[in-house]
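Let me begin by presenting the structure, written as structure tokens, before commenting on it.
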Amino acid sequence: MPKTPQVMILGTGRAVPEKVLTNVDLEQMVDTSDDWIVARTGIRQRHVAEPGTALSTLAVEAARNALQSANVAADEIDLIILGTVTGDMKFPAAACFIQEKLGAKNAVAFDLSAACSGFLYGLQIAEGMMANSGYRRVLVLGAEVLTSMVNWQDRDTCVLFGDGAGAVVLGQAVGDRGLLQTCLRTDGAHTGLLYNPGCGSVNPPTVENVQARLHSIRMEGKEVFRHAVTSMTEALKEVLDREGLGVEDLDLLIPHQANLRIIEAVVKRCKIAMDKVYVNVDRYGNTSAASIPIALDELRRSGELKEGALVGMVTFGAGFTWAAGLVRI
Ligand code: UT7
């Protein structure tokens, strides 16, 4: 059923580390080539944090930019939701470090672990908490330092990921502008296809486990690819169906930026014109939960997010988790 939006995006922000690692740089580190990476993924470079970088440092920069663009002060924020799987530490939540660094002293803050779907999961949770618990100004972030868990000797995975942070400030909707639909999905049958086995309760960081590199990302790329295409297609159709809309009504689609071939396959199945689809995977690689909010901020700052535009967002990640969202700008 079409929905009257309750919350809208008041501002956006992003931050990426300065250091850029190109495919040519990677050729010196592992048996790969620029040609292979571009042809199989569309990635040309990624931003990489210096070792030891706190995720919260990157996230705070994105948050400050979002607050400034929304014209909202840090102490007006009453809730911070951070989608991440690479927090500063195992605990406390990186959102607590963000709250302190921002000076958002009135905010409740927590992390949300849904891998690449963390930002869209965060949007739905924020909307619910704003409707039911009285939160009025909410910061939703997706931020990752995924390179902190990359094995730079594993060419199957190390060429794919990059670091970054994106943030939005949510407030009460005005008229028909705002968040229309979100659709969240999980299928825990596939936890073994994309995971980091180390550092949790199963494989704590003993010398043996660290030497066995259990703290690095493991992925069955082909299987993940296959599931990503079908799941993202279904979720996007679901949010459009619920609004009684079709793909032709979309002004813009922001897909999760993991692989250009995944994006093209989803777009082909949904029969969406490629010129309505935002792509920046060539510049950032896969930044997991940060990919959609980084794209949102790039689009808003370049003036491409026009007021009244209907924007679709769709993502897929470890868990498996996947999600889609529909927003009227
Ligand atoms: O955010 C959501 C999570 N992640 C994803 O969505 C990623 C999903 N998967 C993918 O994007 C793709 O499966 C990959 C990009 C990871 C791999 O592409 P692919 O077309 O599925 O390649 P493949 O794994 O079938 O590998 C093809 C060949 C293999 O060689 P052989 O066995 O055919 O001789 C690999 O060993 O390419 C080789 N290969 C590489 N060659 C050069 C794998 N990685 C590399 C590399 N450079 N970096």
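The values are calculated or read from the model by the stated rules, or taken from the named source; none is laboratory data. None of these values were measured; they are calculated from a predicted model. So basically every Cβ, Gly included, is an ideal-geometry build from the backbone, and we count neighbours across all protein chains shown. In case anyone asks, the SASA skips ligands and DNA or RNA and just uses the protein heavy atoms, side chains included. Shrake-Rupley method; radii C 1.70, N 1.55, O 1.52, S 1.80 Å.
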Worksheet entry | Extension gain, Asp156 back to Tyr195 (0.36 nm per residue minus Cα-Cα distance, nm) | 12.7 nm
Worksheet entry | Distance between modelled label sites at Asp75 and Val174, nm, 7 Å Cα→Cβ extension | 2.5
Worksheet item: By accessible area of protein heavy atoms, probe 1.4 Å, what ranking do Thr32, Thr12 get, highest first?
Response: Thr32, Thr12
Discussion item. Compute the distance from the alpha-carbon center of region 36-104 to that of region 1-19, in whole Å.
Written reply: 14
Discussion item. Let me check something: with ligands and nucleic acids excluded, how do Trp322, Trp36 order by accessible area (1.4 Å probe), largest to smallest?
Written reply: Trp36, Trp322
Discussion item. For a quick check, take a GNM of the chain with Cα springs below 10 Å and name the residue from Gly308, Gly134, Gly83 with the largest mean-square fluctuation.
Written reply: Gly134
Worksheet item: Net charge near Ala228, counting Lys/Arg +1 and Asp/Glu -1 over other residues with Cβ under 13 Å of its Cβ?
Response: 0
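Once the convex hull of the alpha carbons of region 7-174 is built, what does its volume come to per residue, in cubic angstrom?
Convex hull of Cα atoms, per residue: 114 Å³.
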Discussion item. Could you tell me the calculated FRET efficiency between Val24 and Lys222, based on Cβ-Cβ distance and R0 = 22 angstrom, to the nearest 0.05?
Written reply: 0.30
Discussion item. Rounded, prolate or oblate for the chain? Axes are the square roots of the Cα gyration tensor eigenvalues, ordered a ≥ b ≥ c, and the cut-off for rounded is a/c under 1.5.
Written reply: oblate
Worksheet item: Which of Pro17, Pro293, Pro51 moves most in a GNM of the chain, Cα contacts under 10 Å?
Response: Pro51
Worksheet item: Looking only at region 110-145, which residues have a backbone nitrogen under 20 Å from a spot 7 Å from the Cα of Asn203 in the C-beta direction?
Response: 114-116, 145
Worksheet item: From the backbone phi of region 191-201, what are the Karplus-calculated ³J(HN,Hα) couplings (6.51 cos²θ - 1.76 cosθ + 1.60, θ = phi - 60°) in whole Hz, Gly and Pro given as x?
Response: 4, x, 9, 7, 6, 10, x, x, 6, x, 5
Item to complete: Could you calculate the FRET efficiency of Asn106 with Asp251 from 1/(1 + (r/R0)^6), where r is the beta carbon distance between them and R0 is 51 Å, rounded to 0.05?
Response: 0.90
Worksheet item: How large is Rg/Rh for region 265-329, to two decimals, with Cα atoms and a Kirkwood Rh?
Response: 0.95
Worksheet item: If we restrict to alpha carbons, what Rg and Dmax does region 82-123 come to, in Å?
Response: 10.3, 28
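For region 113-160, which whole percent of the accessible surface, found with a 1.4 angstrom probe, sits on carbon and sulfur atoms? The partial results should precede the final answer.
Values: 690 of 1670 Å².
In region 113-160, the share of accessible area belonging to carbon and sulfur is 41 percent.
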Discussion item. As a test of reading the structure, rank Phe119, Phe97 by solvent-accessible area (1.4 Å probe, protein chains only), most first.
Written reply: Phe97, Phe119
Worksheet item: Given a 1.4 Å probe, how much area per residue of the chain is accessible, in Å²?
Response: 42
Worksheet, complete the sentence: Here the Cα Rg-to-2.2 N^0.38 Å ratio for region 162-247 is 1.60
Worksheet item: Is there a pair in Lys237/Lys268; Lys3/Lys276; Lys268/Lys306; Lys276/Lys306; Lys3/Lys237 whose C-alpha atoms are over 20 Å apart, and which pairs would that be?
Response: Lys3/Lys276; Lys268/Lys306
Worksheet item: Rg and Dmax of region 213-298, Cα atoms, in Å?
Response: 13.9, 48
Worksheet, complete the sentence: With all protein chains present, region 180-328 has a carbon and sulfur share of its accessible area (1.4 Å probe) in percent of 51
Item to complete: Quick one: give the max-minus-min coordinate of the C-alpha atoms of region 168-215 along each principal axis, largest first, in Å.
Response: 58, 26, 15
Worksheet item: In region 180-328, how does Rg compare with the Kirkwood Rh, expressed as the Rg/Rh ratio over alpha carbon atoms?
Response: 1.04
